[in-house]
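The values are calculated or read from the model by the stated rules, or taken from the named source; none is laboratory data. Please read these numbers as outputs of a predicted model, since none were measured by experiment. Neighbour counts run over all protein chains shown; Cβ positions are idealised from the backbone, glycine included.
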Amino acid sequence: MMQKIIGVAGFKNAGKTTLVEKLVAELAKRGFKISTVKHAHHSFDIDHEGRDSFRHRKAGAAEVAVVSGSRWAIINELRGEPEPTLDEILQKLAPCDLVIVEGYKRNTHDKIEVRNLALDHPPLAGDDPTIIAVAATGAIAGAPVPVFDRDDVTALVSFIIKHTGLS
């Protein structure tokens, strides 16, 4: 079965992460199991200098698993290998009701565009057929897709549930 996915896309400082956080909270409150994938345009560390896992990676380990009674993570060091595709990452996730993807603006999954109207960013909706709705800081006249207030998480989640066929 193909994983249900909805993307959240937009330009820097549009409010993508804040919206993803609110969507996850509302969907989880409604009883759905939600996973997220966040694309970073830069290097990042989930462990830090001095930590045992950091030392394992720096010594040359290709993968380091960190496991506790509360959570676990596997850090995969690419060491020159190409970045995995979104599909490859989705295959690694445990089954869930919905994956919310932040970033991956150019991928072909359906997305909600997040738009901060105070910033002079070009609209994605209209030019990008994968944009199925806009979550904006105000009204957008003549928008080619439904427009939601960026803070109206209840309406956005109801739209996502209907659009993705969650039940």
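In table form, for the structure just shown:
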quantity: Strands (runs of 3 or more DSSP E) (entirely within the stretch 48-167) containing at least 3 residues that are at pLDDT 95 or above; calculated: 98-102, 111-115, 131-136, 147-149
quantity: Qualifying residue in the stretch 12-27 (condition: of a type in the set (Ser, Thr, Tyr) and either more than 14 Å from the chain's Cα centre (by Cα) or more than 30 Å from Ser167 (Cα to Cα) (or both)); calculated: no
quantity: Residue pairs meeting the criteria (Cβ under 7 Å; at least 6 apart or on separate chains; first under 22 Å from Ile89 (Cα atoms) and without any contact (Cβ under 8 Å) to a residue 24 or more places away in the chain, in the stretch 12-36; second of a type outside the set (Ser, Thr, Tyr) and not in a helix (DSSP H, G or I)); calculated: Ala28/Ile34
quantity: Any pair with Cβ under 6 angstrom, 6 or more apart, that starts in the stretch 144-167 at a residue that is farther than 15 Å from Thr130 by Cα and without any contact (Cβ under 8 Å) to a residue 60 or more places away in the chain and ends at one that is of a type in the set (A, V, I, L, M, F, W, C) and part of a helix (DSSP H, G or I); calculated: Phe148/Ala155; Phe148/Leu156
quantity: Hits in the stretch 156-167 (condition: exposed (fewer than 14 other Cβ atoms within 10 Å of the Cβ) and either charged (D, E, K, R) or on the phi < 0 side of the Ramachandran plot (or both)); calculated: Lys162, Ser167
quantity: Total residues in the stretch 32-57, condition more than 30 Å from Ala9 (Cβ to Cβ) and either surrounded by 11 or more Cβ atoms within 10 Å (Cβ to Cβ) or in contact with a helix residue (DSSP H, G or I) (Cβ under 9 Å, 6 or more places away or on another chain) (or both); calculated: 7
quantity: Residue under evaluation Glu102, criteria (1) surrounded by 12 or more Cβ atoms within 10 Å (Cβ to Cβ); (2) of a type outside the set (Gly, Ala, Ser); (3) out of contact with any strand residue (DSSP E or B) (no Cβ under 6 Å at 6 or more places or on another chain); (4) under 29 Å from Lys12 (Cβ atoms), criterion not met; calculated: (3)
